[in-house]
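This report concerns only the one structure given below.
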Amino acid sequence: MILYNTSMGVVAGLALILVSLLLRRAAAAALPAFRNPDPDPAQDRPVAVAPAGGTFDPRLWAVVLGALGLVLAPLGALMATTWPLTVNPPLNFIFGEPCLILGVLLLAAAVYLWHLRGDLAGLQQVDLTPVAVVVIGLGGVLIACAAAIARFEIVGGAPAAEPVTGLLNGYPLVENTFFVLLYLAAGLGAILAPLSRLRPGWLLTAARWLWFGSGLVFALFSILNYYTHAGLDINLRLGTEYRI
């Protein structure tokens, strides 16, 4: 069975979480509240105050995002170019291709952050049009995937032999709807985040929470799959009937 949705799902979820935290940090760095109102007596000017969480190190973020991209891009490419998948062919482009795009974007973000000088406040003056176009495009892809999952019931239910999630085997609409909502949330976040440059405020907050929430659920579900997929393999190979 050619499928890597365990590691790919965890990495994609963690990436969404980290990007949402990075957006939060960028928004916070641009706020006047992060300037100390009490001037430095020696220099008679306000003193910069580091946001909660310590000093921002762009190279640390670059290394972490780059590491996630190095996992996601090759596995996404492998899944996207393997046809047909032995377990569920449509996952080739419904899951593999978005992961490939996200992995490449993570690598590009890592390169940019590695060469970034200073904090994130300076990004407010940077023309991010190329990034916005790509991210909105990826958001459109995710929303199209959500529509396809909903219309054609692509995900369906887990195999009956799979522990935990297999208990819902007779109710394919549950897991199918679950993934529709996940893809939809991530896609809407990808569209709202760039648009927030035009109307700062609630759009960015909504995008951050959509990415953080969908990323957290995606990561937790994929972590659970390490257990359930191991149980599925044991049940199929050894004829056991582990349900939980």
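The values are calculated or read from the model by the stated rules, or taken from the named source; none is laboratory data. All values derive from a computational prediction rather than experimental measurement. We place every Cβ from the backbone using ideal geometry, glycine too, and count neighbours over all the protein chains shown. Just so you know, the surface numbers come from the protein's heavy atoms only, side chains and all, with ligands and any DNA or RNA stripped out. Shrake-Rupley method; radii C 1.70, N 1.55, O 1.52, S 1.80 Å.
Quick one: pull the percentage of alpha-carbon pairs in segment 74-175 with a separation above 21 Å. Of all Cα-Cα distances in segment 74-175, 53 percent exceed 21 Å. Take segment 120-186, drop everything but the C-alpha atoms, weight them equally and run the Debye formula without solvent; then report log10 I(q)/I(0) at 0.13, 0.18 Å⁻¹ to two decimals. Treating every Cα as an identical point scatterer, log10 I(q)/I(0) equals -0.52, -0.71. Every helix of 4 or more DSSP H residues in the chain counts as -39500 (n - 2.57), and over all residues that averages to -22000 deg cm²/dmol at 222 nm. A Förster radius of 22 Å combined with the Cβ-Cβ distance from Arg117 to Ala67 puts the calculated FRET efficiency at roughly 0.50. Using a probe of 1.4 Å on the protein chains alone, the accessible area found for Ile191 is around 50 Å². Relative to the longest principal Cα axis of the chain, at what angle does helix 97-114 sit, 0 to 90 degrees, rounded to 10? For 97-114 against the chain, the angle is about 20 degrees. Take the Cβ atoms of Phe93 and Thr55, set R0 to 45 Å, and the FRET efficiency comes out at 0.60.
Ligands, DNA and RNA left out, the accessible area of the chain computed with a 1.4 Å probe is 70% carbon and sulfur. For Leu70, the accessible surface of its heavy atoms amounts to roughly 120 Å² (probe 1.4 Å, protein chains only, rounded to the nearest 10). Between the alpha-carbon centres of segment 195-218 and segment 58-82 there is a gap of 22 Å. With the cut-off at 1.5 for a/c, could you classify segment 102-242 from its C-alpha gyration tensor as rounded, prolate or oblate? Verdict is prolate for segment 102-242. Helix 129-152 against the longest principal axis of the chain: what's the angle in degrees, Cα atoms only, rounded to the nearest 10? Tilt relative to the chain: about 20 degrees.
For Thr86 and Leu220, the FRET efficiency from 1/(1 + (r/R0)^6), where r spans their Cβ atoms and R0 equals 35 Å, is about 0.85.
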